[in-house]
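Worksheet for the structure shown next.
The values are calculated or read from the model by the stated rules, or taken from the named source; none is laboratory data. Predicted, not measured: the structure shown is a model, and the values here were computed from it. So basically every Cβ, Gly included, is an ideal-geometry build from the backbone, and we count neighbours across all protein chains shown. Heads up: the accessible areas ignore ligands, DNA and RNA and are worked out on the full protein's heavy atoms, side chains in. Shrake-Rupley method; radii C 1.70, N 1.55, O 1.52, S 1.80 Å.
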Amino acid sequence: MGRVVVLGGGSTGEHFCGALRRLDPDVPITLVEHQLVGGECSYYACMPSKTLLRAPELVAAAARTPGVVASPLDLEAIFAWRDWMTSDWDDTGQVTWLEEQRVELVRGDGRVVRPGVVEVGDRELEYDGLVIATGSIPISPPIDGLAEIESWTTREATSAHEVPSSLIVMGGGVAGCELAQLYRRLGSEVTLVQRGERLIPRVDAEAAEVLQAAFEADGIQLLFGKQVRHVSKDRLGVRLELDDDETLEAEQLLVSTGRKANVEGIGLEQLGVELGRRGIEVDEQLRAAENVWAIGDCTGVALFTHVGKYQARVAAANVAGRPATADYRAIPTVAFTDPQVASVGSTVGDGLVSARWEMDATPRASTYERPARPGFVKVVADPERRVLVGAVAVGPESGEWCQQLTLAIRAEVSVDVLLDVIQPYPTFSEAVFFALRELDL
């Protein structure tokens with residue numbers, strides 16, 4: 001393979017460059033990026049949001065820990081930590097890393113002008129292999145008046161240096177839930193408006209019930225089954241009119257109604273690339289056309305940084321001539337709410353069996369906080385093959401200890417072997433054993 005051009009220098013494109021360089025020390029690589037190298041995840045999503053969530057979570061935990069007196073939140077210090085985490089929105093560190101990997105960085109908007117050539121400004125870049133990693137962009141719902149006001153997306157919410165007195169969050173997905181709880185704990189009066197009938201609709205319904213109770217305990221107002229009909233400026237900041245004639249007012253509005261593949265205006269029509277409902281259609285080797293691969297959010301497979309990085313490694317292997325295929329049976333997801341909600345695989349399907357174990361019946365729960373909060377582990381199995389196909393965990397740091405179930409699903413480890421695993425005592429991981437023991441196989 002001659003020169004490889006990567007369109008998009010977010011976490012996925014950056015990861016691809018590193019993966020390909022490890023496999024091929026000599027291949028010329030050019031990365032095209034028009035914004036910050038490292039992308040949305042590094043500067044406006046995963047990293048800043050998780051940093052912001054940490055201090056409020058600790059203060060909330062102190063209230064449930066006998067003998068600990070919680071200190072007031074220091075907002076200036078919280079924002080300073082976030083600013084440090086994002087390098088003050090400076091990508092010098094990433095640019096230095098690219099130089100160390102001998103990856104050429106070209107700043108600007110890249111567009112395919114004909115097969116084998118990408119145009120960036122007045123420069124034409126010839127390539128033998130093209131990797132599309134253009135990510136995703138926020139969906140702006142077609143609501144009357146929304147375009148005329150200054151509202152937040154997740155970008156503004158994760159980069160703000162002030163806390164609004166009141167905040168309306170439109171959308172109850174993972175990002176909307178994380179940011180709703182964050183700003184409530186930072187001091188905002190928060191109302192979350194959800195078109196559907198529950199939170200985190202793509203995650204297990206029982207997990208959503210636990211999260212809803214936690215949000216209500218935090219003082220977040222939840223409105224389900226509501227459509228926003230009109231948005232306008234107001235004396236407080238913003239005014240929303242709902243489909244049932246109810247009105248809401250707040251200082252700020254956060255629109256978190258999902259994202260879509262960023263695939264327009266980059267010349268894909270020149271390549272014979274097929275665009276599906278979710279994004280660029282790819283095969284199991286991430287190939288979108290001859291000598292063209294697509295990875296990350298622009299494929300629409302699953303809009304998670306870890307999935308994009310996984311696809312980057314698979315694509316890099318194929319570009320380097322080492323055939324590899326993507327396997328999506330065990331995609332983990334984590335909502336960094338409090339409590340955390342972790343899930344993996346599929347929890348619904350014909351002929352599957354499931355079992356649930358309550359977290360407060362696990363010895364570790366009583367040593368972790370008092371009183372122990374509701375939570376659970378649910379495991380879902382295929383009784384014919386005696387393997388797990390899905391799991392959900394709601395509880396402290398569940399995104400960490402639930403990953404043994406990701407490995408079990410991906411490797412198709414038998415339930416009998418999983419029951420024979422020694423889980424350390426007392427840990428939350430014991431709940432995995434207890435749930436497995438309840439399976440009726």
What accessible area per residue comes out for the stretch 1-90, rounded to a whole number of Å², with a 1.4 Å probe? 43
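Expressed as a rounded percentage, what relative contact order does the stretch 221-340 have, with Cα pairs under 8 Å and six or more residues apart?
Rounded, it is 14 percent for the stretch 221-340.
I'd like to compare 419-432, 126-139, 286-299: which one has the highest average count of other Cβ atoms within 10 Å, and what's the full order after that?
Working: 419-432: 15.9, 126-139: 22.5, 286-299: 25.9.
In descending order of packing, they fall as 286-299, 126-139, 419-432.
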Across the chain: Cys residues that no other cysteine approaches within a C-beta distance under 4.7 Å: Cys17, Cys177, Cys298, Cys402
I'm a student and want to see the number: the projected area of the Cα convex hull of the stretch 312-415, averaged over all directions, in nm². 8.1
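Given 4 °C and 1.567 mPa s, how large is the Stokes-Einstein diffusion coefficient of the stretch 145-226 in µm²/s, with Rh as the Kirkwood radius over Cα pairs? Mind showing how you got there, number by number?
Numbers: Rh = 13.1 Å.
For the chosen part, D equals 99 µm²/s.
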How large is the accessible surface per residue of the stretch 241-313, computed with a 1.4 Å probe and reported in Å² as a whole number? 48
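Tell me the net charge near Glu119. Cut-off is 10 Å between Cβ atoms, Glu119 excluded, with +1 for each Lys or Arg and -1 for each Asp or Glu.
0
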Return the distance in nm (one decimal) between the two label points of a simple spin-label model at Asp83 and Leu58, each offset 7 Å from Cα along Cα→Cβ. 1.9
Can you tell me the order of 262-275, 381-394 when each peptide is scored by its average per-residue count of other Cβ atoms within 10 angstrom, highest first? 381-394, 262-275
Local charge sum around Thr325 (other residues, Cβ-Cβ under 14 Å, Lys/Arg +1, Asp/Glu -1)? +2
Quick one, which of (i) 1.77; (ii) 1.04; (iii) 0.94 is the actual Cα Rg over 2.2 N^0.38 Å calculated for this model? (ii)
Using Cα pairs closer than 8 Å and at least 6 residues apart in sequence, work out the relative contact order for the stretch 18-154, in percent. 28
Given the C-alpha centroids of the stretch 217-276 and the stretch 1-64, what is the distance between them in whole angstrom? 25
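Roughly to the nearest percent, how much of the accessible area of the stretch 183-309 is carbon and sulfur, given a 1.4 Å probe? Spell out each step's value before the answer.
Numbers: 2450 of 6220 Å².
Reported share for carbon and sulfur atoms: 39 percent.
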Using helices alone, what [θ] at 222 nm do you get for the chain, with -39,500 (n - 2.57) per DSSP H run of 4 or more residues, divided over all residues and rounded to the nearest 500? -9000 deg cm²/dmol
Along each principal axis, Cα extent of the stretch 1-125, largest first, Å: 65, 30, 22
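May I ask you to give the average projected area over all directions of the convex hull of the Cα atoms of the stretch 199-339, in nm² rounded to one decimal? Before the final figure, lay out each step's value.
Numbers: hull surface 47.9 nm².
So the mean shadow area of the Cα hull is 12.0 nm².
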Can you tell me the order of 9-16, 209-216 when each peptide is scored by its average per-residue count of other Cβ atoms within 10 angstrom, highest first? 9-16, 209-216
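Under a Cβ-only charge scheme (Lys and Arg +1, Asp and Glu -1), can you give me the dipole magnitude of the chain about the Cα centre, in debye to the nearest 20? Working shown, then result.
Working: 41 positive and 66 negative charges, 141 e Å.
For the chain, the charge dipole is close to 680 debye.
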